[in-house]
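Have a look at the structure below, then the notes.
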Amino acid sequence: MDYEEAELIAEDERHYIVLVIYDIVENKRRSKMVKCLEKYGKRVQKSAFEAFLTKRKYEALVQETQRLIDERTDSLRIYLLANHTMVRSWGAETKQIADVIIF
């Protein structure tokens, strides 16, 4: 294995904090989104999920979630947090990814 192959493997195994926020008008689509996101991470607010994912899982999440919205009426934002990201949170149910630092 050469350096480039090793770097690609390391990149694929690296984990990232992912934040997903959404505003979905229809209850049925919103329920489908919640079920989808629960496979990847944890709900931290009514319309917000956090996950700790590899790049491959992140890409799967993006593909799956974008098919669940109606772009005319809904909103979906997915943030991939990396490179010296620090997450701090307070309040109920904050133990999931509190105070995680990625270098």
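The values are calculated or read from the model by the stated rules, or taken from the named source; none is laboratory data. The structure displayed is predicted, hence computed values, not measured ones. All Cβ positions, glycine included, derive from the backbone under ideal geometry; neighbour counts span all protein chains shown.
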So residue 42, is it more than 17 Å from residue 81 (Cα to Cα) and of a type outside the set (S, T, N, Q): no
Members of region 60-69 found to be surrounded by fewer than 16 Cβ atoms within 10 Å (Cβ to Cβ) and not charged (D, E, K, R), listed by number: 60, 62, 63, 66
Tell me, which residue of region 29-59 that is assigned to a loop (DSSP other than H, G, I, E, B), under 12 Å from the mean Cα position of the chain (by Cα) and not hydroxyl-bearing (Ser, Thr, Tyr) is surrounded by the most Cβ atoms within 10 Å (Cβ to Cβ)? 41
Answer residue from region 44-73, given it is touching a helix residue (DSSP H, G or I) at 6+ places or on another chain (Cβ under 8 Å), closer than 18 Å to residue 28 by Cβ and among the charged types (D, E, K, R) and is modelled with the lowest pLDDT among those: 70
Are there any pairs with C-beta distances below 7 angstrom linking a residue in region 13-25 that is more than 15 Å from residue 59 (Cβ to Cβ) to a residue that is among the charged types (D, E, K, R) and part of a strand (DSSP E or B), with the two at least 6 apart or on different chains, and if so which? 17/50; 19/50; 21/77
